[in-house]
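Values in this text are rule-based calculations from the coordinates and carry no lab data. Please read these numbers as outputs of a predicted model, since none were measured by experiment. In this analysis, Cβ positions are derived from the backbone assuming ideal geometry, glycine residues included, and neighbour counts consider all displayed protein chains.
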Amino acid sequence: MQTTALYKTLGLALCAAFISACSSTGDVEEGTSEATATETQAEENTQTVDTAGVDGESLEAEAADAQAALLEQTVFYFDFDESSIKSEGKAALMAHAGYLAANPAAQVVLEGHADERGTVEYNLALGERRAMAVRRFLMANGASSSQLKVVSFGEERPAVMGSSEESYAKNRRVEVKYQSN
Amino acid sequence: MVKRSLILLFLLMTSAVHAELVIEVTQGKQSAIPVAVVPFSWQGSQPLPEDISGIITNDLASSGYFRTLPESNMISQPNNLSEVVYGDWANLRQDFVVIGSVELLPTGYAIQFHVLDVHQKMEILRHRVRGKASQLRDLAHYISDFIFEKITGVPGVFSTKLIYVTTNRERTRFNLNYADADGAREQLIYTSRDPVISPAWSPDGKKVAYVSFENGHSEIYFQELATGKRERVVAFEGSNSAPAFSPDGTKLAFVHSKLGNPDIYVMDLASRKIERMTNHYAIDTEPQWGVNGDSIYFTSSRAGGPQVYKLDTGNKAVTRVTYEGAYNARARLTADGRKLVYVHRSGDRFHIASQDLKSGLVHILTSETELDESPSVAPNGSMVIYAASEADRSILAAVSVDGDVKFRLPSKYGDVREPAWSPIFK
């Protein structure tokens, strides 16, 4: 839950820095300061942002950090028997799409997975559907189809073992895996 | 008989591995037939390598169709017809008695057995079988098949085989195994660090098809059981899975998806020509042939959640077959084509259901097990073996198509999944 909140605020920060159409200027500043408030106090840049409300350079640095953080999210979760991307994953997927667009040599494998409920083959198809949904999202936001490979493992490679809703939720996922060239 | 034994004899890996599955009957028929299998006589100086009458007793008892009499309850233990006192068995409320003897031959063993009807006070079956020492277990199952068919009218499946996948907890090792239908004599036929799923038998029982991820994505392989020879058969870009041989063995139905749209395809195995059978944006998967080979049952999400549909392979017309509940998938047909067995979700539980294709009546067969999946029907249509979850582990369990008989095949190690019941070997 902590991480979700963090990504949300970081997402806002990114939104503020990159996408001017996101909201009015006043909202942006509010969002930025809120983001730093929820971030750990020990961070050195807490200080910077306070003074840098209008300092373009530090704002950009802050945004780059936020994007790096977003790129660290490489696992995206899905609901049971669903292959639509949840809204909480979209900011991070935008960041991946942006990175792929800026780095045409980068290649990723999108690994689709399902939880253990239901049949093996249907889950294989479901895992593929999920990976395809991520592929479409990345392509719509700047990634090229040649950078994206889709593979489904169905229910064969769970992230966690166990038959609780909690573990199922962690297994219904797409993993974005960057390939080393 | 000889042919069946040859198949076994030529199996690639003959190293004796301890059976990992142990059969446990959890529910038998109310109307189970009482039968006494008297220990077979043996004059040899050494004990027999296999307990023939013990195996037969286990076979009959584990089928759920019979209630076997414990040896300690027997008043007498005849080995010849002349020694049988029908009144003794009638007093023990037995319907049938099996007696027999094992004899050493220069080339192996001969087993003579008799099935006696206690009420009619007569012999109803007499037979003599021969085999090598290594085939004693097969001979015992063969005799069980004879007895089962004589008394129930349904062919026995004690001589059939299972293939199934075992994995370790970490899912870093996937084994494809071959074993007797009672779980005995397990042999490893393929092992990989990558997933192995969807094993399927060829109708002649000589090879299996399965999906392997050894090249980073799902591809379909054939493997001959006698030689271990593997062949990569379907390996298009994308996903290739769910192999199913047509009843005559000339075609293979499978699922292929290049960019997230799985559809059903059929390959003619002689020419390797491929025909696309479905073309729908929904998930189409898990093909299974109708008994005449002119239709294919499959799972599709075209109505939202997964449901079972039937495809006419001639005109490619599709009709929906399942309606009860929001999740019905992975259909398997009984050998007579009358019943469809599939995974059914009711509430948040997954169970095995059977549907009478004529009346449409749905019967949920399982209740004690959780997360039931991968049903496979015995070739005589009597039992369904399936994978289920028990205490966070995957085990095999079986239920009769009428729901009366239930047994489990727990494993001593890891998870057991994806069972496929062999055809009857001719």
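So what are the ³J(HN,Hα) numbers for the range B:209-218, from phi and the Karplus equation (6.51, -1.76, 1.60; θ = phi - 60°), rounded to whole Hz, Gly and Pro as x?
Once θ is set to phi - 60°, the couplings for the range B:209-218 become 10, 7, 9, 10, 9, 4, 9, x, 8, 7 Hz.
Does the range B:277-426 come out rounded, prolate or oblate by the C-alpha gyration tensor, with a ≥ b ≥ c the root eigenvalues, rounded set by a/c under 1.5 and, if not, prolate when a/b is larger than b/c and oblate if not?
The shape class here is prolate.
Kindly state, to the nearest 0.05, the FRET efficiency for A:Glu166 paired with B:Thr172, given R0 = 30 Å and r defined as their beta-carbon distance.
Values: r = 23 Å, r/R0 = 0.76.
Efficiency at R0 = 30 Å is approximately 0.85.
Please list, in chain and number order, the residues 5+ apart from B:Phe158 or on another chain whose amide H is under 5 Å from its amide H, with Hs placed from the backbone.
Amide H neighbours of B:Phe158: B:Asp145.
Based on Cα coordinates alone, diagonalise the gyration tensor for the range A:74-179, multiply each eigenvalue by 5, take square roots, and list the semi-axes in whole Å, largest first.
24, 13, 11
Kindly give Rg over Rh for the range B:21-140, based on alpha-carbon atoms, with the Kirkwood expression for the hydrodynamic radius.
Working: Rg = 14.6 Å, Rh = 15.1 Å.
Radius of gyration relative to Kirkwood radius: 0.97.
Check which residues have an amide H placed less than 5 Å from B:Ala378's amide H, if you skip close sequence neighbours.
B:Met383, B:Val384, B:Ile385
Quick one: 3J(HN,Hα) in Hz for the range B:110-118, Karplus 6.51/-1.76/1.60 with θ = phi - 60°, rounded, Gly and Pro as x.
Taking θ as phi minus 60°, the curve returns 10, 10, 10, 9, 10, 10, 10, 8, 5 Hz for the range B:110-118.
Collect residues whose amide H, placed 1.01 Å from N in the peptide plane, falls under 5 Å from the amide H of B:Glu390; neighbours closer than 5 in sequence don't count.
Here B:Ile395 satisfy the definition.
Starting from the Cα-Cα distance between B:Leu81 and B:Ser41, subtract it from 0.36 nm times their residue separation and give me the gain in nm to one decimal.
13.1 nm
Any idea how far the Cα center of the range B:50-111 sits from the one of the range B:288-341, in Å?
44 Å
Would you mind calculating the relative contact order of chain B from Cα pairs under 8 angstrom and at least 6 residues apart, reporting the percent as a whole number?
Relative contact order for chain B comes out at 13 percent.
Calculate, for B:Arg232 and B:Arg130, the FRET efficiency according to 1/(1 + (r/R0)^6) with r their C-beta to C-beta distance and R0 41 Å; round to the nearest 0.05.
Numbers: r = 41 Å, r/R0 = 1.00.
The value I calculate is 0.50.
Rounded to whole Å, give me the distance from the Cα center of the range B:247-262 to that of the range B:115-173.
34 Å
What is the calculated FRET efficiency for B:Glu71 to A:Met139, with r their C-beta to C-beta distance and R₀ = 41 Å, to the nearest 0.05?
0.05
Ignoring everything except DSSP H segments at least 4 long, calculate the 222 nm mean residue ellipticity for chain B; use -39,500 (n - 2.57) per segment, divide by total residues, nearest 500.
-3000 deg cm²/dmol, from helical runs alone.
Return the sequence-ordered ³J(HN,Hα) values of the range A:62-74 in whole Hz as given by the Karplus equation 6.51 cos²θ - 1.76 cosθ + 1.60 applied to θ = phi - 60°, using x for Gly and Pro.
Listing the rounded values in order: 4, 5, 4, 4, 4, 5, 4, 5, 5, 5, 6, 7, 10 Hz.
I'm a student and want to see the number: the projected area of the Cα convex hull of the protein assembly as shown, averaged over all directions, in nm².
Working: hull surface 133.6 nm².
So the Cα hull casts an average projection of 33.4 nm².
Below 8 Å between Cα atoms, with a sequence gap of 6+, how large is the relative contact order for the range B:292-399 in percent?
On the way: 238 pairs, mean separation 16.9, N = 108.
Contact order relative to length: 16 percent.
Report the extension gain between B:Ile274 and B:Arg302 in nm, rounded to one decimal, defined as 0.36 nm multiplied by the number of residues separating them, less their alpha carbon distance.
Numbers: separation 28, 0.36 × 28 = 10.08 nm, distance 2.32 nm.
Value of the extension gain: 7.8 nm.
Evaluate the distance, in nm, between pseudo-label points positioned 7 Å from the Cα of A:Ser180 and of A:Ala68 along their respective Cα→Cβ axes.
Label-label distance for A:Ser180 and A:Ala68, simple model: 2.0 nm.
For chain B, modelled as a GNM with alpha-carbon contacts under 10 angstrom, which of B:Lys339, B:Lys29, B:Lys121 fluctuates the most?
B:Lys121
Please list, or write none, the aspartates and glutamates whose alpha carbon is within less than 16 Å of the alpha carbon of B:Lys406, excluding same-chain residues fewer than 8 places away.
B:Glu24, B:Asp59, B:Asp182, B:Glu368, B:Glu370, B:Asp372, B:Glu373, B:Glu390
Cα gyration tensor of the range B:161-421, axes a ≥ b ≥ c as square roots of the eigenvalues: rounded (a/c below 1.5), prolate (a/b > b/c) or oblate?
Values: a/c = 1.40, a/b = 1.03, b/c = 1.36.
Judged from the Cα gyration tensor, the range B:161-421 comes out rounded (a/c under 1.5).
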